[in-house]
Amino acid sequence: MFDSLSDRLGGVFDKLRGRGALKEQDVLDAMREVRIALLEADVALPVVRRFIDTVTEKAVGQNVLRSVTPGQQVVKIVNDALIETLGGEETPGLDLEAVPPIVIMMVGLQGSGKTTSTAKIAKLLKEKQGKKVMMASLDVNRPAAQEQLKVLGEQVSVATLPIIAGQQPTEIATRAMQAARLQAVDVLLLDTAGRLHVDQQLMDEMKAVAAISTPRETLLVVDSLTGQDAVNVAQSFAGQVDLTGVVLTRMDGDARGGAALSMRAVTGKPIKFAGTGEKMDALEVFHPSRVANRILG
Ligand code: GDP
């Protein structure tokens, strides 16, 4: 995760740290290299600009350069700016303060890792928070999507709504709400249909399901490997439904980190979870400060 970005930045900051005194030009040279590293990591241009401006302004001002350990101070400024870009010090957890059944609606494009993430979150809520959880697949487009969720449910020992062939997503959502109430479920996860592209039918379907289930959380699942495309997809969804957060999948294979670094700044939506593998426990709560530490090694 972030390996190539981390290597690039590590090289820049080792040089800075190793020097006793720093001149303004040294900082400007380092920032030029950081800028290139961020652009190569596929971070959105406005985010890179803001990042470099913030760090440069702080590093050349505030007596940093006249201090005893200027290199370390500059690295600290970069660390703080990274945390800010990734979403700030606070870890945005799931908001589950409501009368049950609390609904989490999972949305995203096909192949993003939506169904896998749904089951991972169900497992986490059940095992770490002791919640009674149910999952329902509303994906009637992709053959075997409902069956896939059922199999994952068995793997993580979470109940899934029984499949009734031929039902439409809104009918399944209504049935899921009834079943969740009847069975005193705390959290109901709705795995909505994905499409290959953002289209109006997908958006309309999501809105209809949201109207029936009034989700407390609407989580968009996007693939971090798609870089800035992931951020563009998030912007499209954010314009249509009230997204409460993002699940960034395949972080295990993402050496660059552009989606993670651009998401919050561009869309205003917090990354809540990171998918880090295919296994059911390969899901991390996204902590900006820990991620920043990982990037800076
Ligand atoms: P959906 O079409 O969005 O529901 O996608 P799936 O949940 O079916 O996932 C598609 C593929 O991506 C599956 O083979 C998953 O095992 C894999 N996958 C999902 N999340 C991750 C992740 O965080 N890391 C890795 N390496 N693979 C993932």
Considering the Cα positions of segment 60-218, please state its Rg to one decimal place and its Dmax as a whole number of Å.
20.9, 72
How big is the gap, in Å, between the Cα center of segment 241-294 and the Cα center of segment 16-52?
23
When the charge dipole of segment 1-156 is computed with +1 on Lys and Arg Cβ and -1 on Asp and Glu Cβ about the Cα centre, the Cα farthest towards its positive end, among LEU16, PRO92, VAL43, belongs to PRO92
In the chain, what % of DSSP beta bridges are antiparallel (nearest 5)?
10
Nearest 10 degrees, 0 to 90: what angle lies between the long axis of helix 70-86 and the longest principal axis of the chain (Cα atoms)?
20
Which shape class, rounded, prolate or oblate, goes with segment 204-261 when its Cα gyration tensor gives a ≥ b ≥ c as root eigenvalues, a/c under 1.5 marks rounded, and past that a/b bigger than b/c marks prolate?
prolate
By the C-alpha gyration tensor axes a ≥ b ≥ c (rounded if a/c is under 1.5, else prolate when a/b exceeds b/c, else oblate), the shape of segment 116-196 is oblate
Per the helix-only model, the chain has a calculated mean residue ellipticity at 222 nm (DSSP H runs of ≥4, -39500 (n - 2.57) each, divided over all residues, rounded to the nearest 500) of -16500 deg cm²/dmol
Rounded to 10°, Cα long-axis angle of helix 114-129 versus longest principal axis of the chain:
90
Whole-Å semi-axes of the ellipsoid equivalent to the chain (Cα gyration tensor, √5λ, descending):
42, 17, 16
Carbon plus sulfur fraction of accessible area for segment 200-297, probe 1.4 Å, in percent
42
Sort segment 1-53 into rounded, prolate or oblate with this rule: let a ≥ b ≥ c be the square roots of the eigenvalues of the Cα gyration tensor; rounded if a/c is under 1.5, and if a/c is not under 1.5, prolate when a/b is larger than b/c, oblate otherwise.
oblate
Let me check against my output: what whole-number percent is the relative contact order of the chain, with C-alpha pairs under 8 Å and at least 6 apart?
26
Provide the per residue accessible area, probe 1.4 Å, for the chain, rounded to a whole number of square angstrom.
45
Farthest towards the positive end of the dipole of the chain, among GLY268, VAL151, GLN167 and with Cβ unit charges of +1 on Lys and Arg and -1 on Asp and Glu, lies the Cα of GLY268
Specify the angular offset, from 0 to 90 degrees and rounded to the nearest 10, of the alpha carbon long axis of helix 45-60 from the longest principal axis of the alpha carbons in the chain.
40
Over 21 Å between Cα atoms, which of LYS128/LYS207; LYS128/LYS269; LYS128/LYS279; LYS132/LYS207; LYS131/LYS269; LYS128/LYS272 qualify?
LYS128/LYS207; LYS128/LYS269; LYS132/LYS207; LYS131/LYS269
How large is the charge dipole for segment 157-255, taken about the Cα centre, if only the Cβ atoms of Lys, Arg (+1) and Asp, Glu (-1) carry charge, to the nearest 20 debye?
320
Sulfur and carbon atoms: percent of accessible area, segment 132-199 [1.4 Å]:
56
If you place +1 on the Cβ of every Lys and Arg, -1 on the Cβ of every Asp and Glu, and leave all else neutral, what size is the dipole of segment 1-113 about its Cα centre, to the nearest 20 Debye?
560
Among PRO101, LEU65, THR54, which residue has its Cα positioned farthest towards the positive end of the charge dipole of segment 27-185, with +1 placed on the Cβ of Lys and Arg, -1 on the Cβ of Asp and Glu, and the dipole taken about the Cα centre?
PRO101
To the nearest 20 Debye, how big is the dipole of segment 111-185 about its Cα centre, given +1 on the beta carbon of each Lys and Arg and -1 on that of each Asp and Glu?
320
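The values are calculated or read from the model by the stated rules, or taken from the named source; none is laboratory data. The model shown is predicted, which means the values in this text are computed figures rather than measured ones. FYI the Cβ positions are ideal-geometry reconstructions off the backbone, even for glycines, and counts take in every protein chain you see. Calculation scope for accessible area: heavy atoms of the full protein, side chains included, ligands and nucleic acids excluded. Shrake-Rupley method; radii C 1.70, N 1.55, O 1.52, S 1.80 Å.
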